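K.L.:
Dumping the structure here so I can ask a few things about it.
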Number of protein chains: 2
Amino acid sequence: MDMQPLSLNTGSTPQAVSDLVSTAVSQPNSPGQPHQPSQPIYRRLAEHYLSAIQAGTLAAGDRMPSVRDLMRQQHVSLSTALQTLRYLEEGGWLEARPRSGYFVRQPRRAQIRPVGEPNISAPLDPAQYVGIHEQVSDFIARRHLKAPTIDLSGMSCAPELYAVDALKNAAIKALREQPTLLTSPMPINGNSHFRQVVARRALNAGIRISADDVVVTHGCIEALNLALRAVAQAGDTIAVESPTYFGLLQTLESLGMRALEIPTSPHTGISIEALELAMQTYGNIKAVVVVPTLQNPLGCIMSDSHKERLVNLCEQQGVPLIEDDAYSELADGDVAPSAAKIWDRSGNVIYCASLNKVLAPGMRLGWMTCGKWNERVKMLKFAYTRANEEWTQITAANYMGSPAYDRHLRRLRSSLKDQREQMAEAIAEYFPDETRLSVPNGGVGLWVELPRKLSSKAVFGAALDEGIGVSPGVIFSNSDRFDHYLRLCCGKPFTRELDQALRRLGVITGQLLG
Amino acid sequence: MDMQPLSLNTGSTPQAVSDLVSTAVSQPNSPGQPHQPSQPIYRRLAEHYLSAIQAGTLAAGDRMPSVRDLMRQQHVSLSTALQTLRYLEEGGWLEARPRSGYFVRQPRRAQIRPVGEPNISAPLDPAQYVGIHEQVSDFIARRHLKAPTIDLSGMSCAPELYAVDALKNAAIKALREQPTLLTSPMPINGNSHFRQVVARRALNAGIRISADDVVVTHGCIEALNLALRAVAQAGDTIAVESPTYFGLLQTLESLGMRALEIPTSPHTGISIEALELAMQTYGNIKAVVVVPTLQNPLGCIMSDSHKERLVNLCEQQGVPLIEDDAYSELADGDVAPSAAKIWDRSGNVIYCASLNKVLAPGMRLGWMTCGKWNERVKMLKFAYTRANEEWTQITAANYMGSPAYDRHLRRLRSSLKDQREQMAEAIAEYFPDETRLSVPNGGVGLWVELPRKLSSKAVFGAALDEGIGVSPGVIFSNSDRFDHYLRLCCGKPFTRELDQALRRLGVITGQLLG
């Protein structure tokens, strides 16, 4: 996978671009576009220039049409033309050169160095019950207490980036069509229509399962718990990526299992070599847990060949592979990266997915398919939480079964890409020199490496005092190895307030560096 | 607690009763009554006579008003008067004596012997992973496959016995008032209004907690899992009632814990003496799990002094007491029996409750309050399923916070009492001699002891072949001790079909006895 900035081609003229966009601008609600009834003309115009810049049609250094050109070509007022250009300038896309006009800017983030690679040869250290939960809880509690104005610590997109009305209407329709939905017992294995919809989408993505193979769960986190309990028990060692999602570390701690952190590249994912060595060194590794696509917190996407090698290694070693695939629908582009599960020939891969990030953060709906452990997982699920509520599943199935869902996903990916690019640009501009950043090709998170091993705990505290929430890197490992990283959420629209918050974060970081 | 039939006083005349009911009958939709727009007059009239019988105003042997009396006193037609009397006769409440008219019948179930007491001195046997899940699954799968027309195996009431419209409207209102409810991240500890409503109701019942002490769970089953994991681990021994809810046995098996079954009286509940002896014999009992009110499957309610002794014993022995209180709001009468938790002074009682049976079987909403283990339980909950979805909680809170909820509970209790009495009556009439039954003072289940140790597995299979689902007693223990019992659900309105199904069950049982 690559982590390059968008390639910015040269060769087109501003004139050509303004011709190009004029049609689109005249159709404010073209199909497939988000419904933005109150969006002013200057924003629509700006966003069309922006997409031309992002597509490379307008390259760094190209001159933008002048205010006068814009007025004439787009039939807009002086004020609208000025607002358009200023909006793009504020977003960091244009720079004004005195007496020459506006030019497309070289993105600053192209100059920021990517995050460093891990030391593959460092000794590994299986940790058990090291108090990661307390540490995470402490950060969560402090953030909760201060209720930051700008919270970049989570991994959800802004509520309005989801299909608010369509989901609400689907929920109301479900209740109207089945008035006793809330008062009838739930089917033991979840709603069959929902399992069909999920299985059909999985089939399209190359995972050959039927609805009966789908176990519906309370989000991906229950799926991970079930997967781990299906194949391991207290005292066992589980290989995980390093850094990894703090929720996985908490789960392992709560189950009394040991996390063995395997070096993971922010660009290519978990090191197969290090994993193989670990399997040879520690005979008792009972499972490997990975997020092959848009790893949390790194954002990296494993290449297909890498995934295939991983699946084969685990199968050969007889170690179950647990795949957490909560983010792949948020990868840039029209085709989601393949799941590792598609290379599974023996049922050795337990595949866990979630709709929490892609469909609705207010619906804790996940699912899994467990190969040879399917019956055991069903037993564990039944004995712990029984079936999920049916109305959530019916609501999700009705919406996900319609073409609107794929349109929503395209819009969401596009919004996330814009937001990610703009945040990366702001970080590149505001953060101290030596800050490092790899911008992922999708997803909701940015993983920022602070200069000179500055502790993210200090940044967390100082930022919180100014009403800004961040996730300190230290919670993504049982060690202190990632203390000098921050995970920032790019799930919110890039507003002036967000821009200012990033500027403040940059200042705070600089001050802490002294 | 007592398990006597309703006391039937004598002394009032039919004339007085018909005066009494005439007012009520003329007000078809009086406040606090279920909304039954299409209920015919004969049904309303019959139900008012029925309540007079149940209240003892009309006693066994009393003569009912004649057809002519009914027509004159109630201003109804000949056909309505006839239907009223026949309806009550078919329900087993009246008997027709040739040339004398209708008389209130002596309930047959008054002649059936109560279920036998356990042998307290039998040796105990801690069982671990004995395959109870497979056994239960097998019964569930067979039932699922055959899809019985009359299913008496579950423990839910009929959907229409709940506040179908009010809940649906509350859900729709929640979605309308908070359009981004489905697309916003959930608060970590559950919805605060819901926790407040729950805490307030608990306070009224004598449990001194605040909203912060409430952990919202996916039904009582997740609460039980969390409670067990908070205080014990794989390999530990847990004392449980015998017989006990099969779900608890499955949970223990899935957690790798051993169930130590303590003899439990169908009339007074768990034997404190046997429990005390077990604690002395087995040093490693890590928790005691009980259902003090309307035990599943026995239906017994422990007396207050019994509960207090149990709480004190556990505290003295340093063994956590896990109280499963899913049914107490279904106990007959206007005041629910006290929870054992109210005698807890040291935080040694983990209290688990559920709204699944009392509010809505389609909402998997439970809660718990955990005394000194509250923080550990919150950690385990977060690490396994995160927060429950908020829309369910908001819907529940809005409805439960209104006076309509208590009216619903009164109606539900009253319906259940009728259904339970009628089913008991039918069992007494149709089942072979020597069948034993104790009719509980509330709840959804009847625990039937079959004659001559007849295996309930045989009854289960033969009944299923005729489209009738029952729960075989064998699933309520890790031993075969309760193989000659059936648990039958009385959560459905007593219809002609249900009456016929019970008649068939009686015939099947007789045939199997040979």
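K.L.:
With viscosity set to 1.002 mPa s at 20 °C, what whole-number translational diffusion coefficient in µm²/s follows for region A:128-202 from Stokes-Einstein and a Kirkwood radius over Cα pairs? Numbers along the way, then the final one.
P.N.:
Details: Rh = 17.1 Å.
It comes out at roughly 126 µm²/s.
K.L.:
What number comes out for accessible area per residue over chain A if the probe is 1.4 Å? Units Å², please. Each step should come with its number before you reach the end.
P.N.:
Working: 19820 Å² over 514 residues.
Here the residues of chain A average 39 Å² of exposed surface.
K.L.:
Which entries of A:Lys286/A:Lys307; B:Lys341/B:Lys372; B:Lys307/B:Lys381; A:Lys146/A:Lys492; B:Lys146/B:Lys457 show an alpha-carbon separation above 24 angstrom in the structure shown?
P.N.:
Details: A:Lys286/A:Lys307 19 Å; B:Lys341/B:Lys372 13 Å; B:Lys307/B:Lys381 28 Å; A:Lys146/A:Lys492 20 Å; B:Lys146/B:Lys457 16 Å.
Beyond 24 Å: B:Lys307/B:Lys381.
K.L.:
How far is A:Ser210 from itself in the other copies, in nm, if each label sits 7 Å out from Cα along the Cα-Cβ line, shortest first?
P.N.:
5.5
K.L.:
Can I ask one more? Considering the Cα trace of region B:298-439, what is its radius of gyration and what is Dmax, both in angstroms?
P.N.:
When restricted to Cα atoms, region B:298-439 yields Rg and Dmax of 18.4, 54 Å.
K.L.:
Got a sec? Which residues in region B:257-284 would a label at B:Glu117 touch, if it sits 7 Å along Cα→Cβ and we count backbone N under 11 Å?
P.N.:
What the label zone holds, given the 11 Å backbone N cut-off, is B:265-268.
K.L.:
Å³ per residue of the Cα convex hull, for region A:77-201?
P.N.:
Per residue, the Cα convex hull of region A:77-201 comes to 365 Å³.
K.L.:
While we're looking at this one, here's another question. Report, to the nearest whole %, how much of the accessible area of chain A belongs to carbon and sulfur atoms, 1.4 Å probe, protein only. Before the final figure, lay out each step's value.
P.N.:
Numbers: 9560 of 19820 Å².
The C+S portion of the solvent-accessible surface of chain A is 48 percent.
K.L.:
Here is a follow-up. Placing a label point 7 Å from Cα toward Cβ, how far apart in nm is A:Gln39 from its equivalents in the other copies, listed shortest first to one decimal?
P.N.:
Ordered by increasing distance: 5.7 nm.
K.L.:
Can you list, shortest first in nanometers, how far A:Lys453 lies from the same residue in the other copies, with each label 7 Å from Cα toward Cβ?
P.N.:
7.4
K.L.:
If you take the accessible area of A alone plus B alone and subtract the pair, what total do you get in square angstrom, rounded to 100, with a 1.4 Å probe?
P.N.:
Values: alone 22320 and 22350 Å², together 39670 Å².
Buried area (both sides, nearest 100 Å²): 5000 Å².
K.L.:
Have a look at region B:347-371 and report residues whose accessible surface goes down by 40 Å² or more when the remaining protein chains are included, against the chain on its own, probe 1.4 Å, ligands and DNA/RNA excluded.
P.N.:
Checking the loss per residue gives B:Pro361, B:Gly362, B:Arg364.
K.L.:
Rg(Cα) of region B:165-404 divided by 2.2 N^0.38 Å? Mind showing how you got there, number by number?
P.N.:
On the way: Rg = 17.8 Å, N = 240, 2.2 N^0.38 = 17.7 Å.
In units of the 2.2 N^0.38 Å rule of thumb, it is 1.01.
K.L.:
Bin width 10 Å, origin at 0, all Cα-Cα pairs of the protein assembly as shown: what percent of pairs per bin?
P.N.:
Distribution as computed: 2, 10, 18, 21, 18, 13, 8, 6, 3, 1, 0, 0 percent.
K.L.:
Distances longer than 21 Å among the Cα atoms of region A:151-251: what percent of all pairs is that? Can you show the working numbers first?
P.N.:
Numbers: 3014 of 5050 pairs.
Of all Cα-Cα distances in region A:151-251, 60 percent exceed 21 Å.
K.L.:
On a full-extension model of 0.36 nm per residue, what is the gain between A:Glu160 and A:Ala55, subtracting their alpha-carbon distance, rounded to one decimal in nm?
P.N.:
35.3 nm
K.L.:
If you don't mind, there's one more thing I want to ask. Taking the convex hull of the alpha carbon atoms in region A:353-428, what volume per residue do you get, in Å³?
P.N.:
Working: hull volume 10.7 nm³, N = 76.
Given the Cα convex hull of region A:353-428, per-residue volume reads 141 Å³.
K.L.:
Given the Cα-Cα distance of A:Glu95 and A:Ser77 and 0.36 nm per residue of separation, how much length would full extension add, in nm? Kindly include the intermediate steps, with their values, before the conclusion.
P.N.:
On the way: separation 18, 0.36 × 18 = 6.48 nm, distance 2.16 nm.
The A:Glu95-A:Ser77 span can extend by a further 4.3 nm.
K.L.:
Hey, another quick one. Just the ratio, please: alpha-carbon radius of gyration of region A:205-347 over 2.2 N^0.38 Å, N its number of residues.
P.N.:
Details: Rg = 14.3 Å, N = 143, 2.2 N^0.38 = 14.5 Å.
Normalised Cα radius of gyration, region A:205-347: 0.99.
K.L.:
Another question, then. Counting other Cβ atoms within 10 Å, keep those with at most 16, restrict to DSSP loop, and tell me which GluC sites (Glu not before Pro) in region A:369-454 are left. Kindly include the intermediate steps, with their values, before the conclusion.
P.N.:
On the way: sites: A:Glu375, A:Glu389, A:Glu390, A:Glu421, A:Glu425, A:Glu429, A:Glu434, A:Glu449; in loops: A:Glu389, A:Glu434.
Passing sites in region A:369-454 are A:Glu434.
K.L.:
Given Cα pairs under 8 Å that are at least 6 residues apart, what percent is the relative contact order of region A:162-404?
P.N.:
Working: 427 pairs, mean separation 68.9, N = 243.
After rounding, I find 28 percent.
K.L.:
Report the relative contact order of chain B, percent, no decimals, based on alpha-carbon pairs under 8 angstrom and at least 6 residues apart.
P.N.:
Relative contact order, chain B: 19 percent.
K.L.:
Gap in Å between the Cα centre of region B:155-206 and the Cα centre of region B:383-439?
P.N.:
Each part reduced to its Cα centre gives a spacing of 18 Å.
K.L.:
Could you tell me what percent of the DSSP beta bridges with both partners in the protein assembly as shown are antiparallel, to the nearest 5? Working shown, then result.
P.N.:
Details: 56 of 96 bridges.
So the antiparallel bridges amount to about 60 percent of the total.
K.L.:
Percent antiparallel among DSSP beta bridges with both residues in chain B, to the nearest 5? Walk me through the numbers on the way to the answer.
P.N.:
Numbers: 28 of 48 bridges.
Around 60 percent antiparallel, to the nearest 5.
K.L.:
Where q = 0.18, 0.24 Å⁻¹, what log10 of I(q)/I(0) comes from the Debye formula for region A:427-500, counting one point per Cα?
P.N.:
-0.75, -1.32
K.L.:
While we're looking at this one, here's another question. Considering the Cα positions of chain B, please state its Rg to one decimal place and its Dmax as a whole number of Å.
P.N.:
According to the Cα coordinates of chain B, Rg and Dmax are 23.9, 73 Å.
The values are calculated or read from the model by the stated rules, or taken from the named source; none is laboratory data. This is a predicted model, so every value here is computed, not measured. Cβ: placed from backbone, ideal geometry, glycine included. Neighbour counts: every protein chain shown. Just the protein is used for accessible areas: all its heavy atoms, side chains included, with ligands, DNA and RNA removed. Shrake-Rupley method; radii C 1.70, N 1.55, O 1.52, S 1.80 Å.
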